[in-house]
Amino acid sequence: MKHSSFSHSHPNINTNQNLSRSLHPNKINNLNLSVPDMSIFIDFVENIITSDPSHQGYICSCARGTYNTNLLFFNIAGKYKYCPKKNRHHQRNNVAIMINIKDYTYSIRCKDIECNNTILSWKKIK
């Protein structure tokens, strides 16, 4: 996959870091656009979290990994609560979509303690 396929910026991103932007109706999100590489993956993440009409989600934040700086953590809110371990959506727990910017892979991490997400399944970004 070519890096340039993600190079277009998201039209709804507010380039003023002090202002909020909304990816989901009636929701206000603060995304720190100073996180390098974040904006090129927003469309990819949004496609995942809005693909199921009955489980619509939105990006509420994004952060670079502290120990592994090749990882971006997109924290998801709304009704998108898909758990790869259970192969279905939870009713209460949120998820994060992790992207490894070095090898263009991603994983969905459920935040439910009972799911024990110590071993994640990584997929290639196409």
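The values are calculated or read from the model by the stated rules, or taken from the named source; none is laboratory data. Owing to the predicted nature of the structure, the values given are computational and were not obtained by experimental measurement. A quick note on method: Cβ atoms are made from the backbone with ideal geometry, for glycine too, and the neighbour counts reach across all protein chains shown.
Let me confirm something: among Asn93, Asn75, which residue is in a strand (DSSP E or B) and farther than 13 Å from Ile48 by Cβ? Don't jump to the end; show me each part of the working.
Working: Asn93 fails: in a strand (DSSP E or B).
Unique residue meeting the criteria: Asn75.
When restricted to residues that are crowded, with 16+ Cβ neighbours inside 10 Å and not small (Gly, Ala, Ser), the stretch 86-104 contains 10.
Starting from residues that are assigned to a loop (DSSP other than H, G, I, E, B) and touching a helix residue (DSSP H, G or I) at 6+ places or on another chain (Cβ under 9 Å), keep the ones in the stretch 38-70 and report whichever is farthest from His89 (Cα to Cα).
Let us first name the residues in the stretch 38-70 that are assigned to a loop (DSSP other than H, G, I, E, B), namely 50-56, 65-70.
This time we only want the ones that are touching a helix residue (DSSP H, G or I) at 6+ places or on another chain (Cβ under 9 Å), so: 55-56.
On the way: His55: 8, Gln56: 11 Å.
Only one residue fits best here, namely Gln56.
Run down Pro53, Pro84 and say which single residue is in contact with a strand residue (DSSP E or B) (Cβ under 6 Å, 6 or more places away or on another chain) and not hydroxyl-bearing (Ser, Thr, Tyr). Only one candidate passes the filter, namely Pro84.
Go through the stretch 69-89 and give me each residue that's free of Cβ contacts under 8 Å to residues at least 24 places away in the same chain and farther than 22 Å from Cys115 by Cα. Steps first, answer last, please.
Initial filter on the stretch 69-89 (free of Cβ contacts under 8 Å to residues at least 24 places away in the same chain): 69, 75, 87-88.
Listed by number, the list holds a single entry, Thr69.
Residue pairs whose Cβ atoms lie under 9 Å apart, sitting 6 or more positions apart in sequence or on different chains, and linking a residue in the stretch 38-50 that is of a type in the set (A, V, I, L, M) to a partner that is assigned to a helix (DSSP H, G or I), are Ile40/His3; Ile40/Ser5; Ile40/Phe6; Ile42/Phe6. Selection of the stretch 99-123 for residues being at pLDDT below 95, aliphatic (A, V, I, L, M) and not in a loop (DSSP other than H, G, I, E, B) yields Ile108, Ile113.
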